[in-house]
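Working notes, structure below.
The values are calculated or read from the model by the stated rules, or taken from the named source; none is laboratory data. Keep in mind that this is a model prediction, so the values were computed, not measured. Glycine gets a Cβ as well: all are built from the backbone with ideal geometry, and neighbour counts include every protein chain shown. Surface accessibility is based on the protein's heavy atoms, side chains included, excluding ligands, DNA and RNA. Shrake-Rupley method; radii C 1.70, N 1.55, O 1.52, S 1.80 Å.
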Amino acid sequence: QEQLVESGGGLVQPGGSPRLSCATSGITFGSYNMFWYRQAPGKQRELVAYMSTYGSTKYVDSVKGRFTISRDGAKNTLYLQMNSLKPEDTAVYYCNAAPVVPGKVYWGQGTQVTVSS
């Protein structure tokens with residue numbers, strides 16, 4: 001059974017540096033491009049960061065220089081290192097896996113990140 005499970009969210013002070021994790025199971029991790037999305041209250045879900053199977057990355061402008069996406073093939077896990085957090089980063093963060101060969105896309109259940117003092 002395919003599963004993506006996010007963790008690492010919570011209440012963080014402005015300027016904090018949490019790391020989100022997305023543990024995957026039931027998929028061939030190395031055959032999936034991986035994404036982090038977020039959805040703030042009252043807003044549409046937006047793509048935050050992307051990492052291809054080959055390690056190329058892209059970020060939304062608002063997080064460039066602050067967030068870093070990475071993946072560990074040995075642990076089948078995706079990460080999002082978040083630095084210098086701002087209140088506007090408050091959102092539910094979702095992990096997404098899309099196969100290189102077109103097929104089913106998988107989502108995690110999301111993890112809440114709240115940036116507040």
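Neighbours of Ile69 by Cβ distance under 14 Å: Lys/Arg scored +1, Asp/Glu scored -1, total +4.
Can you bin the range 62-110 into rounded, prolate or oblate? Criterion: square roots of the alpha carbon gyration tensor eigenvalues sorted a ≥ b ≥ c, rounded for a/c under 1.5, prolate for a/b above b/c, oblate for the rest.
Numbers: a/c = 2.33, a/b = 1.68, b/c = 1.38.
Here the range 62-110 falls in the prolate category.
DSSP finds beta bridges in the chain, and of those with both partners inside it, around 90 percent are antiparallel. Among the chymotrypsin sites (Phe, Trp or Tyr not before Pro) found in the range 1-107, those both in a DSSP coil and sparsely packed, with 13 or fewer other Cβ atoms within 10 Å of their Cβ, are Tyr54. By its C-alpha gyration tensor, with a ≥ b ≥ c as the square roots of the eigenvalues, how is the range 4-46 shaped: rounded for a/c under 1.5, else prolate for a/b larger than b/c, else oblate? Oblate, since a/c reaches 1.5 and b/c is not below a/b. Local charge for Gln39 was computed over the other residues whose Cβ lies under 15 Å away, with Lys and Arg +1 and Asp and Glu -1, and equals -1. Taking square-rooted eigenvalues a ≥ b ≥ c of the alpha carbon gyration tensor, is the chain rounded, prolate or oblate, where a/c under 1.5 means rounded and, failing that, a/b exceeding b/c means prolate? Because a/c hits 1.5 or more and a/b exceeds b/c, the chain counts as prolate.
Within the chain, which is the longest segment that contains none of the trypsin sites (Lys or Arg not before Pro) sitting in a DSSP loop with at most 15 other Cβ atoms within 10 Å? Display every interim value, and only then the final one.
Numbers: sites that count: Lys43, Arg45, Lys64, Arg66, Lys75, Lys104.
That would be 1-42.
When both the range 58-117 and the range 33-51 are represented by their alpha-carbon centers, they are found 7 Å apart.
The label point for Lys75 and the one for Ala98, both projected 7 Å from the Cα toward the Cβ, are 2.5 nm apart. Once the 1.4 Å probe is applied to the protein heavy atoms, the chain comes out at 53 Å² accessible per residue. Model label points for Ser31 and Tyr54, set 7 angstrom from Cα along the Cα-to-Cβ axis, are 1.9 nm apart.
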